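The values are calculated or read from the model by the stated rules, or taken from the named source; none is laboratory data. If you're wondering where the values come from, they're calculated on a predicted model, not measured in any experiment. We place every Cβ from the backbone using ideal geometry, glycine too, and count neighbours over all the protein chains shown. Keep in mind that these areas ignore ligands, DNA and RNA; they rest on the heavy atoms of the full protein, side chains included. Shrake-Rupley method; radii C 1.70, N 1.55, O 1.52, S 1.80 Å.
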2 protein chains.
Amino acid sequence: MNYTSTFIPTLREVPADAVIASHRLMFRAGMIRKLANGLFAYLPLGLRSFRKVEQIIREEMDAIGSLEMKPPVMQPGELWKESGRWEAMGEGMLRAKNRLDNDFVVSPTAEEAFTAIVRDELSSYRQLPLSLYQINTKFRDEIRPRYGVMRGREFVMKDAYSWHHDEESLDETYRAMGRAYRKIFQRCGLTVIPVKADSGAMGGSGSEEFMVESEIGDNTLILCKKCEYAANVEKAACAPDFTPPSSPEEAKAAAANTHPYEKIDTPDVKTIDELCAFLKTDPKTFIKTLIYRAVNVELDLSTAPGCKNLDKKKPSPEAPAVYTEAFFAVAIRGDLDVNEAKLAALVKASEVELAADGDVVRLTNAPVGFAGPVGLDTLPVIVDHTVTALNDAVTGALEKDAHYRHVAYGRDFTGWMTGDLRTVKAGDRCPVCGGELYEKKGNELGHIFKLGYKYTRSMNVSYLDENGKSQIPVMGSYGIGVDRTLSSIIEEHHDEAGIVWPVSVAPYHVIIIPIKYSGKVRAVADILVTELEAAGIEVLLDNRDERPGVKFNDADLTGIPWRVVIGDKGLSQPKPQVELKSRREKESHMIEPSTAVAELANMIHEELVDKSLFLKEF
Amino acid sequence: MNYTSTFIPTLREVPADAVIASHRLMFRAGMIRKLANGLFAYLPLGLRSFRKVEQIIREEMDAIGSLEMKPPVMQPGELWKESGRWEAMGEGMLRAKNRLDNDFVVSPTAEEAFTAIVRDELSSYRQLPLSLYQINTKFRDEIRPRYGVMRGREFVMKDAYSWHHDEESLDETYRAMGRAYRKIFQRCGLTVIPVKADSGAMGGSGSEEFMVESEIGDNTLILCKKCEYAANVEKAACAPDFTPPSSPEEAKAAAANTHPYEKIDTPDVKTIDELCAFLKTDPKTFIKTLIYRAVNVELDLSTAPGCKNLDKKKPSPEAPAVYTEAFFAVAIRGDLDVNEAKLAALVKASEVELAADGDVVRLTNAPVGFAGPVGLDTLPVIVDHTVTALNDAVTGALEKDAHYRHVAYGRDFTGWMTGDLRTVKAGDRCPVCGGELYEKKGNELGHIFKLGYKYTRSMNVSYLDENGKSQIPVMGSYGIGVDRTLSSIIEEHHDEAGIVWPVSVAPYHVIIIPIKYSGKVRAVADILVTELEAAGIEVLLDNRDERPGVKFNDADLTGIPWRVVIGDKGLSQPKPQVELKSRREKESHMIEPSTAVAELANMIHEELVDKSLFLKEF
């Protein structure tokens, strides 16, 4: 392709709103242009790399037997009402009404559409497992779209869905997807951090996120310095820095030598720090008690304290019954923070938040700041594991300016349930190997997820098993953001001068720069193009009438992996030579034109093959 | 690909709403499923053919130097307000508002988006000509979507746009597009009828539609039995069946021997037929006069009768001023019909319709049925060419129960303007060669169009010419409907048993049917698959445990061009044989397996190459 025949509007300036490298470089290299907030157009150069990422994903999906199809981008609102997500998706899902008052959804994901199609075709267990995918336009109405295509409103996602007759079959496809994802990212030259949702602690896994490190990432990752442990902070566990009792009875026995608990006056003491100073003690001996309000709680509370009068209701006919609102007290060691995502998961709530002061006063019958688990029977108390090891602790006494000391779990209180609710942080120990944990910010590129029966139940999907009995299939879903993958590649592969593409996703493999496109130089350039293209290499010939410096800068900016410079000086050597340079390296070397063709073809094919075939199995 | 590893839910039944062959067959062959009215999902088999059509289009666009890009499907409403089409597009364009009250449009076409991008990048004449395209999702809210993907709400369109420094350059790209379109349709195995908008009559062409014959087509085409003349009835011309005078003066002279016109009583005579019976004359000697109401008239009416008080206004700041409403009288020969599309084009109106009775009475000062051009000065009279040749005609006398006879054009009236307004019909004569014209129904698959300055003016696009002077580029647009092209291929290539794919767009080239997939038959089938695939042939192996009849039926239904049947009987011959059959032919023949591979590879590659490379130039 001749440079003058394409449309690569490179720029020196950077748009004011481009704060990350990929946004800046995609814009400057003429890969994308902004049409409106969060809406981007891929220009020809950008589209070439974009299609390569798509194609890598397609090949790896096909390789594990997932079948590509193409549902519409505009989906009937009825389907979303059926699954219950018409309400649940909130304002992030863009809706439209047409002239006939039909509801449409601009697809943010496609569980419903795929399930509706499979529902009509599925009759026998012999059709299972079935795995289908699309690579198609999606829309999510980000309130603050930014970072270019890293977080746009419209984007392209590969989303796959699978249906199975049992969990084992689901597990097999789920693992195949995990392997395919690792291959995809490796072929794209990306270093991903696979984050299992419940890695370590609970064994097995129903969800795995594929993260890349990013300063602007919206996830906090907890990683181990010694082993491969990686978790989203929302779910990260850590090795206990205490010795938990095996039961409340054992805890009670451990408190045998503890003085009976007693009330102490703590006038004007409000914070844990003040209390520690006042009592000359450590936060680790304190039981912090926080009151939370939870919304749409699925957990059965029929035996929980203070919950007798709560009403259950169904948000939709197919959805499980939930408590619209419930309150919980959480008791945790004084030096730790409660992880609200863990709490929400534990009580199966759609959302939890700290209770309003008025609710705290009403439920604890005391001013804010004096809650404690001893004698608290107006709501369910959830005891974090750390508290079960405390047998001589300080805690609020449920009245103004008063605390208890010498409080022991198992003896003085037990709570309604126990669980892991602490927020793991840098410096905590790895739950797998005990190594030191550290934090990173990450962006999610992909997610594989065992959906279970959510959609197949709510949308009435069934098949007949070997015995002719009607069964509901179990489902998985698997997504990768194409735009975000592309921009993450640039985040990982760039320098001050521009992009440094891995060969697999480079818009062109080789750029040929004639110092001046005329005479002998032109003749050699044209021959090189012809021969490289005959060898299956994608070549951009910079035939512009520009200064060499401009051409070099644009070549660096657009990041094409190999550069061949042709000038009169090199060609007038006894053995004519051209300059060959890898975008990854500073140094170039002179080489005979015919050797250049063979060498480039060799190196490029090797790198392409290397990434796709000889990939180590995970 | 093994049949059991894919997802091809073929059906015997036909959905009740499927009235055309392609809809029935795409549904029955498991190519598509309906998600809602006008919204279809392409299943894996359908998507394979769909992608091949896309790829043929892509290759031919690339071959003429058009550059692919990818703007968003969801477009900012602001752009459409800028061009003035936010209002003009009406309810067929689906709009959405997000949580921030931003307006979005689900792209029905993309002149605005492409122009907005080019506007920001265009600075110099050296960047022109520039041609960009996309193959992307579109949405048009058809009131009655039907005929499957032939007329769906969501569809994929290839739309290209080009910008030029002058008309000559536009003409060059326009002609290249025309050639590319012919190649595309020929490679798809389609017989298209290219219909020039103003072919013949006016010379040159600013618009060409690519039609396929279709019983459910929404266009009427006028074709010549002798030459290649083809026109949309909305614009079709015909050779005059009269001798037109060169001027009103000549017409007047021709009426020298005509009796002066005189009023006659025509009581209770309302229709032309009644009048002809009453006067014992022929409709061809009658001047029919119809009153039309036209909306948004751009034509200058400042000198037209009865239009003095009309007000002009601008629908948007950038749009030209128009008369919101104007009335015209059209005088045409009594045996002919007025073509409203021609009338609208002549007076540059967005719409014309017959005037309401009240308006007719008010403007002609007579009951409905007595209008005539003689003495009619309350509105502009447009005289069809046919009337200019009448020098002894009958027409309404602008009063109840009265007509004039011996009326002559040029002597008794001339009208405000003359034009070609007749609706051409079967039996009329070709304007090019004089051959007999006939009618066909057609569906539009593609359209190439010289847009002129509409968007570049309204959206303020400019560049600097050789002399540093700011200029506005001229634009063309070029569309092809991918879904409609695919379904039209099936319309043209099917029989009672199913689809009969051209090799170029077949989902697979060869289907291999083992009578029973086991033992030696299985071994031979597997070898054939391997060897055919090694030769670049796409193979579907029907490894299902089904009766041969079921497999044959599905093979015919899905229309795969070549079928290889392997059975024990053939394999147990002294020279083992398999059965080879073309989907196009009734007869099969036995052939040795190794010969089958060579023969198939040969025939298939030849057909693919034939369609793409050795295509005659148009």
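A simple spin-label model places the labels of A:GLU215 and B:SER462 4.1 nm from each other, with each point 7 Å out along Cα-to-Cβ. For a straight C-alpha distance cut-off of 14 angstrom, the aspartates and glutamates reachable from A:LYS252 (same-chain residues fewer than eight places away being disregarded) are A:ASP392, A:ASP412.
Using Cβ point charges alone (K and R +1, D and E -1), the dipole size of the range A:218-309 about the Cα centre works out to roughly 40 debye. Here B:THR303 yields copy-to-copy label distances, from shortest upward, of 9.9 nm, the label point defined as 7 Å from Cα along Cα to C-beta.
Do any of A:LYS70/B:LYS551; A:LYS288/A:LYS440; A:LYS454/B:LYS34; B:LYS288/B:LYS440 go past 30 Å between their Cα atoms, and which?
On the way: A:LYS70/B:LYS551 26 Å; A:LYS288/A:LYS440 28 Å; A:LYS454/B:LYS34 23 Å; B:LYS288/B:LYS440 27 Å.
Violating the 30 Å limit, Cα to Cα: no pairs.
Each principal axis of the Cα cloud of the protein assembly as shown was evaluated for its coordinate range; sorted largest first, these ranges are 138, 80, 74 Å. For the protein assembly as shown, the Cβ-based charge dipole about the Cα centre amounts to some 580 debye (Lys, Arg positive; Asp, Glu negative; other atoms uncharged).
Once you sort the root eigenvalues of the Cα gyration tensor of the range B:70-109 as a ≥ b ≥ c, which label holds: rounded (a/c under 1.5), prolate (a/b larger than b/c) or oblate (the other case)? Rounded shape, in that the Cα axes give a/c under 1.5. Which aspartates and glutamates have a Cα less than 16 Å from the Cα of B:LYS450, not counting those fewer than 8 places away in the same chain? Candidates past the 8-residue exclusion: B:GLU111, B:GLU112, B:ASP159, B:ASP166, B:GLU167, B:GLU168, B:ASP171, B:GLU172, B:ASP198, B:GLU208, B:GLU209.
Projecting 7 Å from Cα along the Cα-to-Cβ direction, the label point of A:GLY358 sits 6.1 nm from its equivalents in the other copies, listed shortest first.
Cβ screening of chain B for cysteine pairs under 4.7 Å finds these without a partner: B:CYS188, B:CYS238, B:CYS276, B:CYS307.
When A:ARG12, A:ARG563, A:ARG429, A:ARG153 are compared by accessible surface with a 1.4 Å probe, the order from highest to lowest is A:ARG12, A:ARG429, A:ARG563, A:ARG153.
Taking a label point 7 Å from the Cα of B:SER247 along the Cα→Cβ vector, which residues of the range B:349-390 have an amide N closer than 13 Å to it? Backbone N within reach: none found. Relative contact order, whole percent, for the range A:109-189 stands at 29, derived from Cα pairs under 8 Å and 6 or more residues apart.
Seen from every direction in turn and averaged, the convex hull around the alpha carbons of the range B:272-410 projects onto 8.3 nm². Close amide H pairs (under 5 Å, H built 1.01 Å from N) link B:ALA349 with B:GLU298, residues at least 5 positions away or on another chain. Working note: Karplus 6.51/-1.76/1.60 with θ = phi - 60° gives the range A:521-534 the couplings 4, 5, 4, 5, 4, 5, 5, 4, 4, 4, 6, 5, 5, 5 Hz, where Gly and Pro are set to x. Over the Cα atoms of chain A, the radius of gyration divided by the Kirkwood radius equals 1.07; this is the Rg/Rh ratio.
First obtain the Kirkwood hydrodynamic radius of the range A:128-249 from its Cα pairs, then insert it into the Stokes-Einstein equation at 10 °C and 1.306 mPa s, and state the resulting D in µm² per second as a whole number.
On the way: Rh = 17.4 Å.
Once the numbers are plugged in, D ends up at 91 µm²/s.
Positive-end ranking of B:SER162, A:ASN2, B:PRO240 along the dipole of the protein assembly as shown, with charges on Cβ about the Cα centre, is headed by A:ASN2.
Contour minus end-to-end for B:LEU299 and B:ASP101, with contour as 0.36 nm per residue of separation and end-to-end as the Cα-Cα distance?
Values: separation 198, 0.36 × 198 = 71.28 nm, distance 3.83 nm.
That pair, B:LEU299 and B:ASP101, stretches by 67.5 nm at full extension.
Helix A:44-63 axis versus longest C-alpha principal axis of chain A: approximately 60°, rounded to the nearest ten.
To the nearest 500 deg cm²/dmol, what mean residue ellipticity at 222 nm is calculated for the protein assembly as shown from DSSP H runs of n ≥ 4 alone, each contributing -39,500 (n - 2.57), summed and divided by the residues?
Mean residue ellipticity, 222 nm, calculated: -8500 deg cm²/dmol.
Could you work out the relative contact order of the range B:1-147, using alpha carbon pairs under 8 angstrom and six or more residues apart, expressed as a whole percent?
Result for the range B:1-147 is 24 percent.
Of all chain B residues, the one whose Cβ lies closest to the rotation axis that maps B onto A, given with that distance rounded to whole Å, is B:ALA96, 2.
Could the peptides B:50-60, B:286-296, B:264-274, A:479-489 be put in order, highest first, of the mean number of other beta-carbon atoms found within 10 Å of their residues? Don't jump to the answer; show the numbers that get you there.
Details: B:50-60: 20.2, B:286-296: 21.7, B:264-274: 13.0, A:479-489: 25.5.
Going from most to least packed, we get A:479-489, B:286-296, B:50-60, B:264-274.
Ordering B:GLN75, B:PHE40, B:GLN134 by Cα displacement along the dipole of the range B:15-141 toward the positive end leaves B:PHE40 in first place; charges were set at the Cβ atoms of Lys, Arg (+1) and Asp, Glu (-1). Size descriptors for the range B:176-319: radius of gyration and Dmax over Cα atoms are 22.7, 65 Å. Take the Cα of A:SER123, go 7 Å toward its beta carbon, and the backbone nitrogen atoms of the range B:1-35 under 18 Å from that spot belong to B:4-16, B:27-34.
Here the contact order of the range B:149-239, divided by its residue count and restricted to Cα pairs under 8 Å and six or more residues apart, works out to 19 percent.
Dividing the convex hull volume of the alpha carbon atoms of the range A:485-597 by its residue count gives 95 Å³ per residue. Annotation: aspartates and glutamates with alpha-carbon distance below 12 angstrom to B:LYS586 (same-chain offsets under eight excluded): B:ASP495, B:ASP556. Taking amide H as placed 1.01 Å from N in the peptide plane, the amide H of B:LEU35 sits under 5 Å from that of B:PHE40, B:ALA41, each at least 5 places away or on another chain. With label points defined 7 Å past Cα in the direction of Cβ, position B:GLU585 shows copy-to-copy spacings of 5.8 nm, given to one decimal and shortest first. If you sort the three axes of the alpha carbon gyration tensor as a ≥ b ≥ c, you get a/c of 1.5 or more for the range A:369-413 and a/b no higher than b/c, which makes it oblate.
For chain B, with only Lys/Arg (+1) and Asp/Glu (-1) charged at the beta-carbon, what is the dipole magnitude about the Cα centre, in debye rounded to 20? Intermediate results must be reported in sequence, preceding the final value.
Values: 76 positive and 92 negative charges, 250 e Å.
Rounded to the nearest 20 debye, it is 1200 debye.
Element breakdown for chain B at a 1.4 angstrom probe: carbon and sulfur atoms account for 49% of the accessible area.
In the range A:332-482, one over the average inverse separation of all distinct C-alpha pairs is 19.6 Å, which is the Kirkwood hydrodynamic radius. In terms of distances greater than 22 angstrom between alpha carbons, the cross-link table entries A:LYS196/A:LYS348; B:LYS235/B:LYS425; A:LYS158/A:LYS441 yield A:LYS158/A:LYS441.
Just round it to a whole percent: the fraction of Cα-Cα distances in the range A:1-115 exceeding 16 Å. Walk me through the intermediate numbers first.
Values: 4769 of 6555 pairs.
Value for the range A:1-115: 73 percent of Cα pairs lie more than 16 Å apart.
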